[in-house]
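Worksheet: one structure, shown below.
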């Protein structure tokens, strides 16, 4: 169901999601063409720009300086601390491709990284530290390795609920969790391989396959 009418869904997404695509393409170029270490502070600004463009601005707190500059003690500082914390977990995964990765063998590392990024409480990425940062966590993971990690927001959750019977609720807070995120990545892997990797990549040849899949879950969840 997610991959049904893929060409039409992608065309519609690209019509209304130009701002997403422009920023995402710059992140991918910085990450792969420039061969940037995703945990280096030079890449931190690209992750932050991606989060702002991908609708996380309200949760990141006020002020651009606090968002972008580690020394300001705001979002950038919290994000940098989280990235250094999860680096040992994700270093072995940071250049892997979704279709070639044993997700079960790496589920603990992925879940732990997800839980670290999404956690509420002291040092939380959400400006309101009583709240989780679930969707933001998946976007950060995607920006760190766009060849492996997908984004799961409320639209994607609806798509996975309908297409794969995952136990998401049909609400704005559908019950995100680290194990459910791994399940989503597993289903993405299976869907792409069943579709045929070459055929799937041909839908948008210059775009990472996880990004193509993200567009399709967004479109499916939006009922386009």
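Laboratory data are not the source of any read-out in this text; all were calculated from the coordinates shown. In this text, all values refer to a predicted model and were calculated from it rather than measured experimentally. Cβ: placed from backbone, ideal geometry, glycine included. Neighbour counts: every protein chain shown.
Annotations for the structure displayed:
- Residues in the stretch 13-24 that are out of contact with any helix residue (DSSP H, G or I) (no Cβ under 6 Å at 6 or more places or on another chain) and either in contact (Cβ under 8 Å) with a residue 40 or more places away in the chain or not in a helix (DSSP H, G or I) (or both): 14, 17, 24.
- Selection count where residues are loosely packed, with under 13 Cβ neighbours inside 10 Å and in a helix (DSSP H, G or I), scope the stretch 28-47: 4
- Helices (runs of 4 or more DSSP H) wholly inside the stretch 140-224 containing at least 2 residues that are buried (at least 23 other Cβ atoms within 10 Å of the Cβ) and at negative phi: 154-164, 178-195, 209-221
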